[in-house]
Amino acid sequence: MLLIKHTKNMKKIIYVLILTLVVVSGLVFANREIKNETSKKSIPKPLSVAESKAALKKWEATPDGILYKTWEASPAGKKVLAGAAKISKSIRDSSNMEGVVTSLSLPPGSRLGYGMMVRINGDDYILAFGPEKSGKNSLNFNNEFEQLHSLRVNDKIIIRSQSVSHAPKYSYPIISGDYVERDSKIIYKRAPGKDGC
């Protein structure tokens, strides 16, 4: 009699365990399906050429777009765009550009973080490095721009960059500082992004 009760209890326990396993497996599978669907939905489909042109036309009709188009056609805008075009091959190839430091600060009102003014082949550019972290980090290293602070006006430097940009707010093309060398010594090299880029 005791053996029969024990067997019935074991069957109930096994049944409960199997039922629990089925429910948990179902939840895990359902959760995986939801995540897969979400990740499929969250990857935006790239715009076609026609869609890109339509989006640009729509933006050009906005107040920001009108302001930009007006600036682009102005003498100041044309000068900035011509300066950016002059260095576009070096930017595309990420090749060396020889520059001379003309100012250790950016134009008043700039919101580009740490940077300086440089002259490359007779044209002036903003050389921007981004926000500056103050002090030392937990490993006691100085901030990443420390050696750049040793630069002086008229110093000759080698610059490499992967992007040049412009905006109506600025009277100069903006070079993103990725690499700076002085007297054949590297004084700044941008750390690779967290995603490996």
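The values are calculated or read from the model by the stated rules, or taken from the named source; none is laboratory data. Nothing here was measured: the structure is a model prediction, and the numbers come from that model. Here the Cβ is made from the backbone with ideal geometry for all residues, glycine too, and neighbour counts use every protein chain on show.
A few notes on this one:
The rows are residues; the columns are (1) farther than 21 Å from I187 by Cβ; (2) of a type in the set (S, T, N, Q); (3) part of a helix (DSSP H, G or I); (4) touching a residue at least 60 places away in the same chain (Cβ under 8 Å).
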{"position": "L47", "(1), (2), (3), (4)": "yes, no, no, no"}
{"position": "A50", "(1), (2), (3), (4)": "yes, no, yes, no"}
{"position": "I66", "(1), (2), (3), (4)": "yes, no, yes, no"}
{"position": "A84", "(1), (2), (3), (4)": "yes, no, yes, yes"}
{"position": "R92", "(1), (2), (3), (4)": "yes, no, yes, no"}
{"position": "S95", "(1), (2), (3), (4)": "no, yes, no, yes"}
{"position": "S110", "(1), (2), (3), (4)": "yes, yes, no, yes"}
{"position": "M116", "(1), (2), (3), (4)": "no, no, no, no"}
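- All of (1) touching a residue at least 24 places away in the same chain (Cβ under 8 Å); (2) not in a strand (DSSP E or B) hold for V101 with one exception: (2).
- Some residue of segment 61-76 being exposed (fewer than 12 other Cβ atoms within 10 Å of the Cβ), at pLDDT 90 or above and either under 24 Å from the mean Cα position of the chain (by Cα) or on the phi > 0 side of the Ramachandran plot (or both): no
- Residue match in segment 44-54 (condition: surrounded by 11 or more Cβ atoms within 10 Å (Cβ to Cβ), at pLDDT below 90 and over 25 Å from the mean Cα position of the chain (by Cα)): yes
- The sole residue among P131, P192 that is touching a strand residue (DSSP E or B) at 6+ places or on another chain (Cβ under 9 Å), surrounded by fewer than 13 Cβ atoms within 10 Å (Cβ to Cβ) and modelled with pLDDT under 90 is P131.
- Residues of segment 91-111 that are surrounded by fewer than 19 Cβ atoms within 10 Å (Cβ to Cβ) and either in contact with a Leu (Cβ under 8 Å, 6 or more places away or on another chain) or small (G, A, S) (or both): S94, S95, S103, L104, S105, G109, S110.
- Residue match in segment 85-107 (condition: in contact with a helix residue (DSSP H, G or I) (Cβ under 7 Å, 6 or more places away or on another chain) and not basic (K, R)): yes
- Taken over segment 144-177, the criterion of being part of a loop (DSSP other than H, G, I, E, B) and over 19 Å from the mean Cα position of the chain (by Cα) is satisfied by L151, R152, V153, N154, D155, P168, K169, Y170, S171, Y172.
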